[in-house]
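The structure appears right after this line, and notes come after that.
What follows is calculated from the coordinates using simple rules that are stated; it is not laboratory data. What you are looking at is a predicted structure, and each value in this text was computed from that prediction instead of being measured. Positions of Cβ are generated from backbone atoms using ideal geometry, with glycine treated the same way; all protein chains shown enter the neighbour counts.
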Amino acid sequence: MTAERTEGALREPADRQPLLEMHDVSREYRDGPQTVTALDNVSLRVNRGSLVAVHGRSGSGKTTLLNIMGALDRPTAGRVRLDGHELTDIDEAATVAIRRTTVAFVFQAFGLIPILTAEENVGIPLRLTKTPVPERERRAREVLELVGLADRRHHRPHELSGGEQQRVAIARALANHPQLLLADEPTGQLDSRTGRAVMQLIHDIVRTRSLTAVVATHDPALIDLADRVIELRDGRIVDQRGP
C-alpha cells in the first residue's frame, strides 16, 4: 500500500498511523491551597496493534495517564488525539460515545455485578449501545469463548476464581469490539501465576484481534510481554523502550 498524498504532503495510510497521540499533556489537581501535578508535559504515540506497558511507583501518574487516554478525564494543558478525534475539543456526549465504542477499561477490581451471570455481566456494555438481544447473546458467548470461559457463562462471580472473574471483566471490555483496551493494574488482586496468565491473555488478544492495549502494572515479569515499555516518575516519562 502506498502512502496517500494530500495537499502536497505525504500522509500515511490509516492502519500505519498511531491510534493515540498525546502532545505536551499536563494534569493538575487542587488539594486545598496546593496544586498537585499528576502529569507533567507528557508526549507519546501509541501505535495500532501494539501492547504498551506503563510502570512506575504509586503516585507516578499511571492511572491519570490511562484516564486521559480513555476520555475519563481531561488534561489541564496539551492535546490528546484518539482515532482521529481530538478528545480535548469534543463535548460530553461525544466523549461518552467514544468510551462506549472505541475504548474499553479493565481495572484491578473486577467490577462484576454479583447477581448477574458471567454472560449477563459481559452483556452490560452491549445493553448500553442498544444491541439487539440475539446479537448481544451471540457476542457475549463469543468473547467468553475467546477468554476460555465458554463453559462458565452461567456462573455468577462468587462461583468463579479471581482469575476467572478478571477474564470475565476482559470479555466484557471486548464485547463492543473496542480499538483501545486500557488496563489499570489488571493483575493486582491475583497471584503471580494467575496474573501472568491474564497478561498473556491480553497479549494474545492484541495479536489475534488487532487490538491496541495500554496496561499499567508494577510487575516486572508482566512488562516483558509488552512491545513497548514506558516508565513514569512524578508525572513525567523518564524512560521508553520499544517502538
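Looking at the square roots a ≥ b ≥ c of the eigenvalues of the Cα gyration tensor of the range 110-211, which shape do they give, rounded for a/c under 1.5, prolate if a/b is larger than b/c, or oblate? Since a/c reaches 1.5 but b/c is at least a/b, the shape of the range 110-211 is classed as oblate. Look at where the Cα atoms of the range 167-243 and of the range 65-130 average out, and the two centres are 16 Å apart.
Across R138, R152, R172, mean-square fluctuation computed from a Gaussian network of the chain (C-alpha pairs under 10 Å connected) peaks at R138. Have a look at L144, P114, V215 and report the one farthest towards the positive end of the charge dipole of the chain, computed about the Cα centre with Cβ charges (Lys/Arg +1, Asp/Glu -1). About the Cα centre, the residue reaching furthest to the positive side is L144.
Value of Rg to Rh for the chain, rounded to two decimals, is 0.98; Kirkwood radius and Rg both from alpha-carbon coordinates.
The order of the peptides 161-169, 81-89 by mean Cβ neighbours within 10 Å, most packed first, is 161-169, 81-89. Between T129 and T37, residue separation times 0.36 nm minus the direct Cα-Cα distance comes to 29.6 nm.
Just add up the charged neighbours of R81: K/R +1, D/E -1, any other residue whose Cβ is under 12 Å from the Cβ of R81.
-2
Between S192, S26, S60, the residue with the greatest mean-square fluctuation in the GNM of the chain (Cα pairs under 10 Å linked by springs) is S192.
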